[in-house]
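Report on the following structure.
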Amino acid sequence: MPLQPSCIFCQILSGEVEASFIYRDELVTSFMDIRPLVRGHLLIIPNDHCSSLADLNDALGGHMFIIARRLAQAIRQSKLRSEGVNLFLADGPAAGQTVFHSHLHVIPRFAGDGFKIHFPASYGTRPSRNELNEIAELLQKAMHLNGKFYR
Ligand code: 5GP
Ligand code: ZN
């Protein structure tokens, strides 16, 4: 989709809104998150307006991951404090998406950085193998909807 005037990330892409850019190619752009979870937290976004994961095609989705890997490596090789890296993508409001121009977070991590993922109370209870098999089958079927491999 073309750039959307009401989208903050499209405004960054068009130069209307200021950002600190790291990287840009024909498919994606990367810039610093304005409210970093950890120092060095950056974002990778498609150059077209794509609101969700479903709007990305394979080439674009794959490219976002390739660039995320390179930027994770750059973080590790830079002077930024980093003992590890998290890649994070929120798809949909229930998943915590707040900007509806799909984006991949690259977050430097180190012991004591204060960033914690809150696990649900049910975490730690292992489902039966039967249940895991049932879910696996459900998803396997969903990937082959209409006899075609889902893309
Ligand atoms: P989400 O919650 O959708 O996964 O993440 C949205 C991210 O975009 C947040 O980490 C937030 O700090 C960042 N963000 C929101 N508005 C702006 C902005 O105007 N400029 C930049 N650089 N980042 C933004
Ligand atoms: Zn946009």
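The values are calculated or read from the model by the stated rules, or taken from the named source; none is laboratory data. Quantities reported herein were computed from a predicted structural model and do not represent experimental measurements. Using ideal geometry, Cβ is built from the backbone for each residue, glycine included, and neighbour counts are taken over all protein chains shown. Note: accessible area is taken over every heavy atom of the protein model, side chains too, but ligands, DNA and RNA are not part of it. Shrake-Rupley method; radii C 1.70, N 1.55, O 1.52, S 1.80 Å.
Table: residues versus (1) assigned to a loop (DSSP other than H, G, I, E, B); (2) more than 11 Å from ligand 1 (Cβ to nearest atom); (3) polar (S, T, N, Q).
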site: Ile34; (1), (2), (3): yes, no, no
site: Cys50; (1), (2), (3): yes, yes, no
site: Ala59; (1), (2), (3): no, yes, no
site: Ile67; (1), (2), (3): no, yes, no
site: Ile75; (1), (2), (3): no, yes, no
site: Pro108; (1), (2), (3): no, yes, no
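If the condition is being in contact (Cβ under 8 Å) with a residue 60 or more places away in the chain and within 13 Å of the chain's Cα centre (by Cα), then the range 31-48 contributes Asp33, His41, Leu42, Leu43, Ile44. Restrict the check to the range 59-70 and report whether at least one residue is more than 21 Å from Phe31 (Cα to Cα) and surrounded by 11 or more Cβ atoms within 10 Å (Cβ to Cβ). No; the residues of the range 59-70 include none that is more than 21 Å from Phe31 (Cα to Cα) and surrounded by 11 or more Cβ atoms within 10 Å (Cβ to Cβ). When only residues in the range 37-73 that are of a type outside the set (A, V, I, L, M), closer than 13 Å to His105 by Cα and in contact with a Pro (Cβ under 9 Å, 6 or more places away or on another chain) count, which is nearest to ligand 2 (Cβ to nearest atom)? The extreme case among them is His41. For the range 71-99, filtering for residues that are without any contact (Cβ under 8 Å) to a residue 40 or more places away in the chain and open to solvent by 80 Å² or more (accessible area, probe 1.4 Å) leaves 9. Taking Gly96 as the residue in question, decide whether it is out of contact with any strand residue (DSSP E or B) (no Cβ under 7 Å at 6 or more places or on another chain), at pLDDT below 90 and not polar (S, T, N, Q). No, not satisfied. List pairs: first residue in the range 49-60 and closer than 16 Å to Gly96 by Cα, second residue within 16 Å of ligand 1 (Cβ to nearest atom) and of a type in the set (A, V, I, L, M) anywhere in the structure, Cβ distance under 9 angstrom, at least six positions apart or on different chains. From residues that are closer than 16 Å to Gly96 by Cα, the pairs are Leu53/Leu89.
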